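A.B. asks: Below you'll find the structure I mean.
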Amino acid sequence: MDVQAVRWLLGVLLGAFTICVFLLGYLQFWLRSVPAALGLGLGIALLAWGLRGTNRWRLHRPGRETRHFAFSGAARSWQQLAREANRRLRQRHHEAAATAAYWLQQAELANYIPSAPSPRPSITDQPPG
């Protein structure tokens, strides 16, 4: 197996860190506008230099296609395993939803107080006193 160099990761991390530091310095009033703009420009340049090596951009270069790795063995066994895992997940989600609905209904029934209709006062009723 061939391992490719990851110099682009250094550019991405340094660029992102530089942008964060200079932006934080500017927002905390530690830096004036021109030094902050120069630092942000440097950070963006480092980030762009790092992003040129990612797989997204490498796909457009002929002869440097990405390599895809798969699980060993026949695909059908892995598909059956994934199908069974998904079925079990759906079943657990369904059970959890049914349990939550049951307890919500029980809580609503416990807090339900039937109220008798109150008589509406008429206009001619006078307050006592």
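Quick note: the coordinates plus some simple rules give every number you see, no bench work behind them. Please read all numbers here as calculations on a predicted model, not as lab measurements. FYI the Cβ positions are ideal-geometry reconstructions off the backbone, even for glycines, and counts take in every protein chain you see.
A.B. asks: Return yes when ASN86 is of a type outside the set (Ser, Thr, Tyr) and loosely packed, with under 10 Cβ neighbours inside 10 Å and no when it is not.
C.D. replies: no
A.B. asks: For region 8-51, name all the residues that are assigned to a loop (DSSP other than H, G, I, E, B) and either small (Gly, Ala, Ser) or surrounded by 13 or more Cβ atoms within 10 Å (Cβ to Cβ) (or both).
C.D. replies: LEU31 - this is the single residue of region 8-51 that is assigned to a loop (DSSP other than H, G, I, E, B) and either small (Gly, Ala, Ser) or surrounded by 13 or more Cβ atoms within 10 Å (Cβ to Cβ) (or both).
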